[in-house]
Amino acid sequence: MALSEYKGEEIITNILIKQGKKHYERQWMPRTVFNDPAGKSAFIIGNGPSRIGFDLYKLPQDTYGCNALYRDYTPDFLVIVDRKMYQEVVEAEYDQKNIVYTNHLCMSRYGGTSHLIPNNQMLGTGTTCMSIAVQDGHTDLICFGFDCAEDGPNFNIYKDTNGYATSDTIVHQTVWAKQIYTFMQKNQSISFRFVDGNLPKAFFELDNCKSITYNELNTIIDEKENG
């Protein structure tokens, strides 16, 4: 698929109340990232425990990662929707040399050199990664580190660290699962492959979603490397 035609968008930067009526101040935010997806799959990296042990540095382009992933690995595109995580990334100056997507609120509050999430639907970070990849023009998404079939104590790889809940916090992972399911439903022309993980059975009832193993992922990577 060719480079997407997204050019940018108008956002609301401020709301003023005058004589009981709302007045909106708006600003045009041009597109600042131009990624050609031709011939490439999109690898969407979640932070669930099912990806522990997999060597992320084996992945070819294009990689889309969530939040604190940057502490251990540099994806092609890092996506952040949480203000604490974005503040950490700016203070670490990670955004100075890497592509970081975030929302306008984080950009206006903490500055930095990030890029606006295109057509932001205010979804969780994992689903937002998928959305950006699709808007980039990708039609084949390979997703791993998504363990969202059940609610329960926090098992995120980065639990008990800045920006994340503690280990004993009950996390409603099924909320993210519902978002992902709805996103796949709305994008029937896109292929979604999930690598292992604790995932809802309903995902694989969709015609455009299938499950693969890490051995199969390694085979895909090898085939891409060997042309």
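The values are calculated or read from the model by the stated rules, or taken from the named source; none is laboratory data. Everything numeric here is computed off the predicted structure, so don't read it as measured data. Methodologically, a virtual Cβ is constructed for each residue, glycine included, from the backbone with ideal geometry; neighbour enumeration extends over all protein chains shown.
Answer with yes or no whether VAL195 is within 17 Å of the chain's Cα centre (by Cα) and in contact (Cβ under 8 Å) with a residue 60 or more places away in the chain. So that I can check it myself, show each step before the final result.
Working: within 17 Å of the chain's Cα centre (by Cα): yes; in contact (Cβ under 8 Å) with a residue 60 or more places away in the chain: yes.
Criteria met by VAL195.
So, in segment 130-169, of the ones that are small (Gly, Ala, Ser) and in contact with a helix residue (DSSP H, G or I) (Cβ under 6 Å, 6 or more places away or on another chain), which residue ends up modelled with the highest pLDDT?
Kept after step one, since they are small (Gly, Ala, Ser), are these residues of segment 130-169: 131, 133, 137, 145, 149, 152, 163, 165, 167.
From what is left, the residues that are in contact with a helix residue (DSSP H, G or I) (Cβ under 6 Å, 6 or more places away or on another chain) are 145, 163.
On the way: GLY145: 98, GLY163: 94.
Step by step, filter segment 130-169, then rank; the result is GLY145.
Every residue in segment 190-218 that is more than 19 Å from VAL175 (Cα to Cα) and either out of contact with any strand residue (DSSP E or B) (no Cβ under 9 Å at 6 or more places or on another chain) or assigned to a loop (DSSP other than H, G, I, E, B) (or both), please.
Step one: list which residues in segment 190-218 are more than 19 Å from VAL175 (Cα to Cα), which gives 190-191, 193, 195-196, 207-208, 210-218.
Within segment 190-218, ILE190, ASP196, ASP207, ASN208, THR213, ASN215, ASN218 qualify.
Of all residues in segment 34-50, how many are at pLDDT 95 or above and either surrounded by fewer than 22 Cβ atoms within 10 Å (Cβ to Cβ) or part of a loop (DSSP other than H, G, I, E, B) (or both)?
Number of matching residues: 6.
So, TYR24, is that one farther than 27 Å from GLU223 by Cα and in a loop (DSSP other than H, G, I, E, B) or not?
Working: farther than 27 Å from GLU223 by Cα: yes; in a loop (DSSP other than H, G, I, E, B): no.
Answer is no for this residue.
Does segment 1-36 hold any residues that are at positive phi and over 28 Å from the mean Cα position of the chain (by Cα), and which are they?
Of everything in segment 1-36, those that are at positive phi and over 28 Å from the mean Cα position of the chain (by Cα) turn out to be GLN19, GLY20.
Would you mention how many residues in segment 183-227 are surrounded by 13 or more Cβ atoms within 10 Å (Cβ to Cβ), out of contact with any Ser or Thr (no Cβ under 8 Å at 6 or more places or on another chain), polar (S, T, N, Q) and closer than 20 Å to SER131 by Cα?
2
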